[in-house]
Amino acid sequence: METYPIATETDIHNPRAHTAHYYASSSAKTLVRDDARHGLLWRALLAPRALGSSIIHGISATFLPVGYPYSVREEYLTYQIWDTVQALCSYLRGILTTKAILEGSGVGSEAASALSAAMNWVFRDGVGMACSLLFSSMASISFDCNVKEWRLFADISNDVGLTLDMLTGLPSLKGHFLLLTCLSTVCKTMCGVAAGCTKSSITAHFSLRGNIADVSAKENAQETAVTLFGIVGGLLCAQWIACPETAWPVFLSLTALHVLANYKGVVALKLYSLNTQRAAILIDDFLNRDQGMDRAEGQGTQDKKRGDSTTIGSSTTDSPHPLPRLLTPTQVMARERIYQPLWSWLLAQQPCLGSRISDLSLPSPAHLSFLMRVFSHESYLLTFAPFSGRVTVIFRAGATPQDELKAFFQAQVIKRLDLDRRVGNGGREASREAGREAGREAGKWPSPLLGKLVLKSYETTVHRFPIFWAALQSENGKNEIGGEEPRSDRSAAGEEGWDLGRMNLGTRGWRLMETGEHRTSKKKS
């Protein structure tokens, strides 16, 4: 039987996997399809596989986003597999912990009072609500900045909460039931807040075609399916595990698997936005290059002697040297430490961007006036506490994300200078002449040490940040400063660059609205 082509259809989200050609028979009574994915032509050959294909298509349409795998990022499936494993572990443990809580509250005991159990439950819920409000107010600004870290924190805090629930069932701890259940609620409340906030960021990261709602819906479908399997598995476990001697080994094994699955899932995430840790790794590597801080400052001093236009407060980047190569997102991710940002956040070691004037602890108004004159060309003011190592930044109104990154760049430079001062190697980052000049200027500061560190770091930032920013723009196909042709070797090799549109350095919303002489002097300069 002869056939001739009639039409071709394709899935615009996945054309290579879903393209079909339709043919008509010579009698014009039969329409057949050549499915490019299976290489099948005749309907008779398609019939035996129709049921299997329909089942696969139904499962895919229910649990995977439309256009998978081209509509989501490459690590989507890996992350979802590990997320499914950890969710299943949580539901299985939930059966065990519920049994322990009911036993600890006195279910089945004649001495137990229903009113007492109800009061414990109400008090526990009240503690959880108060913890939710407090935790949200303290950590909300850090959720978008440290998505991986808070995602792992959420699950580990849930593990701690479930372990406390298991302890409530021990006869020796029945007198501490209220304390244990309140602590458990606090842990699980922190888990709920952190997991809910980071989930939205991860969903937005996975969606490549504006399909956030579709990705979120399919993730909810996956969670529903896992819940059903978890309920069935939990009921079987509850019947099999009748004594605490058996329950604890199973619980601890599931907890270990839960931690492993969460760690694997978080490590699989490839986030291309700059946060505090990734930006610090990128900047430190840039400053450690052959054209490092000492060479840059030495060149800046020579330029001043020649009467060059590059001075403090200027952003000239007329350099004959090619732009340096920065670390790729993959290289930076290999150097990430999952819990370092949270540890720095708890110890207040990260730069505080977008602070208020009251956060500076200034000894006198003259100090603020001098800061405003030194940074008159910038959209930020920066100061440093040598004893605590904390960098505080105040942004002027109208500060851009580039200004935020520049302030963070100087914060990294000043930390390096302070570290070298502490270990007795302060001459590495600056030439002797630049150091003497900074020392003379530092005499005008209320603290000479603080003035020297701020001025030296600012001079380095003025000379090095424009090059860093130009290289960063060039690596992402945009060069707004140097005017050179953007490099395309990485994009041609399939290397994805940094997403500068989603940069998040944990900046607060306070801005400085200048008045009087400072605004006038800035306009004149």
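Taken over the stretch 187-196, the criterion of being surrounded by 20 or more Cβ atoms within 10 Å (Cβ to Cβ) and within 13 Å of the chain's Cα centre (by Cα) is satisfied by 194 alone. Cβ-Cβ contacts under 6 Å between residues 6 or more apart (or on different chains), taken from a first residue in the stretch 412-432 that is under 13 Å from residue 454 (Cβ atoms) to a second residue that is of a type in the set (Val, Ile, Thr) and at pLDDT below 85, are absent. Those residues that are at pLDDT below 85, aliphatic (A, V, I, L, M) and assigned to a loop (DSSP other than H, G, I, E, B), I need them from the stretch 325-367; list them, please. Answer for the stretch 325-367, where residues must be at pLDDT below 85, aliphatic (A, V, I, L, M) and assigned to a loop (DSSP other than H, G, I, E, B): 338, 347, 348, 362. Close contacts from the stretch 499-512, counting a first residue that is part of a helix (DSSP H, G or I) and a second that is buried (at least 16 other Cβ atoms within 10 Å of the Cβ), with Cβ to Cβ under 6 Å and a gap of 6+ residues or different chains, come to 502/273.
Under 17 Å from residue 64 (Cα atoms) and over 21 Å from the mean Cα position of the chain (by Cα), is that true of residue 226? Against the criterion (under 17 Å from residue 64 (Cα atoms) and over 21 Å from the mean Cα position of the chain (by Cα)), residue 226 qualifies. Can you confirm whether the stretch 175-198 contains a residue that is assigned by TED's automatic domain parsing to the domain that holds residue 127 and at positive phi? Within the stretch 175-198, none of the residues are assigned by TED's automatic domain parsing to the domain that holds residue 127 and at positive phi. Take the residues in the stretch 232-242 that are aliphatic (A, V, I, L, M) and surrounded by fewer than 14 Cβ atoms within 10 Å (Cβ to Cβ); name whichever of them is farthest from residue 68 (Cα to Cα). Only one residue fits best here, namely 242.
Residue-by-condition table, conditions (1) at pLDDT below 85; (2) assigned to a loop (DSSP other than H, G, I, E, B); (3) basic (Lys, Arg); (4) crowded, with 20+ Cβ neighbours inside 10 Å:
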{"position": "457", "(1), (2), (3), (4)": "no, no, no, yes"}
{"position": "461", "(1), (2), (3), (4)": "no, no, no, yes"}
{"position": "465", "(1), (2), (3), (4)": "no, no, no, yes"}
{"position": "486", "(1), (2), (3), (4)": "yes, yes, no, no"}
{"position": "491", "(1), (2), (3), (4)": "yes, no, no, no"}
{"position": "494", "(1), (2), (3), (4)": "yes, yes, no, no"}
{"position": "519", "(1), (2), (3), (4)": "yes, no, yes, no"}
{"position": "522", "(1), (2), (3), (4)": "yes, no, yes, no"}
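All conditions but one from (1) part of a helix (DSSP H, G or I); (2) at positive phi apply to residue 106; the one that does not is (1). Checking each residue of the stretch 403-422 against the condition of being touching a helix residue (DSSP H, G or I) at 6+ places or on another chain (Cβ under 6 Å), closer than 23 Å to residue 283 by Cβ, modelled with pLDDT of 55 or more and among the polar types (S, T, N, Q) gives at least one match.
Within the stretch 68-113, the set of residues being surrounded by fewer than 19 Cβ atoms within 10 Å (Cβ to Cβ), in contact with a Lys or Arg (Cβ under 9 Å, 6 or more places away or on another chain) and among the small types (Gly, Ala, Ser) comprises 106 only.
The values are calculated or read from the model by the stated rules, or taken from the named source; none is laboratory data. Keep in mind the model is a prediction, meaning the values are calculated, not measured. Don't worry about glycine lacking a Cβ; one is built from the backbone with ideal geometry, like all the others, and counts go over all protein chains shown.
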